[in-house]
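Written below as structure tokens is the structure these notes are about.
The values are calculated or read from the model by the stated rules, or taken from the named source; none is laboratory data. Note that the coordinates shown come from a computational prediction; the quantities given were computed from them, not determined experimentally. Methodologically, a virtual Cβ is constructed for each residue, glycine included, from the backbone with ideal geometry; neighbour enumeration extends over all protein chains shown. These area figures cover heavy atoms from the full protein model, side chains too; ligands, DNA and RNA do not enter into them. Shrake-Rupley method; radii C 1.70, N 1.55, O 1.52, S 1.80 Å.
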Amino acid sequence: MFYTRMIRSLLLAMGLLFATCFSQVMAQQANPQQRFDEANNLYRQSKFTESANAYQQLIDEGYAERSLYFNAGNAWYKAGKIGASVYAYEKALQLSPEDAVIKHNLAIANQKVNGFVGELPLVFFQQWWLKLQHIHSSNAWAGFSLAFFWLLIAGMIVNLFIPGLKNKYLTWGNYLFGILFILHLLMAVDTYNIANNHDNGIVMTSTVKVKAAPDDNSKDLFELHEGMKVKVLDATKEFCKIEMNDGKNGWVICNGVKRL
């Protein structure tokens, strides 16, 4: 009898513990908007670290919105975590490349980066190309290229097999469809590659020594500081070869750089 009651009590306690854990997990996963609002409230109360952690938890769970990264960048900046702040602003800028507010806040954060080296300005045709890319997503560009491809095929069929409709305007129309097909296809491929490019990264620790070779005992070349943006050229299991905007390069511990 005693053992029966003990087992029942044990099962009841386990059930309550499971229900409590389950309800907490479900509460966290069920309402991300409420948690986002709570993080905003923490920020307004000047609880910047708590606010940043709340935003970061949503990001770590896979939510990727412009406002989430932007607010996380603001909170991390106020909390004094420049590396995390720059990283969040860069991610927000990937989602909204022409957003002037994000660019402004990122520039302010970069002013806090020790030894910051800015990117070289793009020439005019590179700027035009980038602005054109931001008009559509890679899927939309691919969809348009497919539409122009079928228009081109239809035009060629008409031109070849319906002699009565064969004229110079249709021929020039086919040339136009061909050019638009190639342009949209190139744009789709380039936009996809940029969206899935993880070669850039942000230094997340206060100081990282850059070495001449991927070895702890190799010569120290220079130092990177928290918040610096680098390009990852190569990687071994432990070391990453990085390059800075001014062309300096070397090997660092990969854990010190968080890829964008």
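Listed by chain and number, the lysines placed with their C-alpha closer than 17 angstrom to that of K131 are K103; residues fewer than eight positions away on the same chain are left out.
Using a cut-off of 20 Å between Cα atoms, the listed pairs K91/K112; K209/K258; K211/K241; K91/K237; K47/K229 include K91/K237; K47/K229 as exceeding that distance. Largest GNM mean-square fluctuation across V113, V189, V232, computed for the chain with C-alpha springs under 10 Å, falls on V189.
Computed from the C-beta positions of F125 and T207, the FRET efficiency with R₀ = 35 Å rounds to 0.35.
Keeping the other protein chains in place, figure out the carbon and sulfur percent of the accessible area of the range 114-250, with a 1.4 Å probe. Result for the range 114-250: 64 percent of the exposed heavy-atom area is carbon or sulfur. Qualifying GluC sites (Glu not before Pro) in the range 222-251, where qualification requires a DSSP coil assignment and no more than 13 other C-beta atoms within 10 Å, comprise E238. Scanning residues 5 or more positions from A235 or on other chains, those with amide H under 5 Å from its amide H are K241, with H placed 1.01 Å from N in the peptide plane. All Cα-Cα distances of the range 39-148, cut into 5 Å bins from zero to the largest, leave 2, 12, 17, 19, 17, 12, 9, 7, 3, 1, 0 percent in each bin in turn. Between V189 and K219, the contour length at 0.36 nm per residue exceeds the Cα-Cα span by 6.8 nm.
Ligands, DNA and RNA are left out, and with a 1.4 angstrom probe the accessible area of the chain is 64 Å² per residue. Sorted largest first, the spans of the alpha carbon positions of the chain along the three principal axes are 98, 62, 40 Å.
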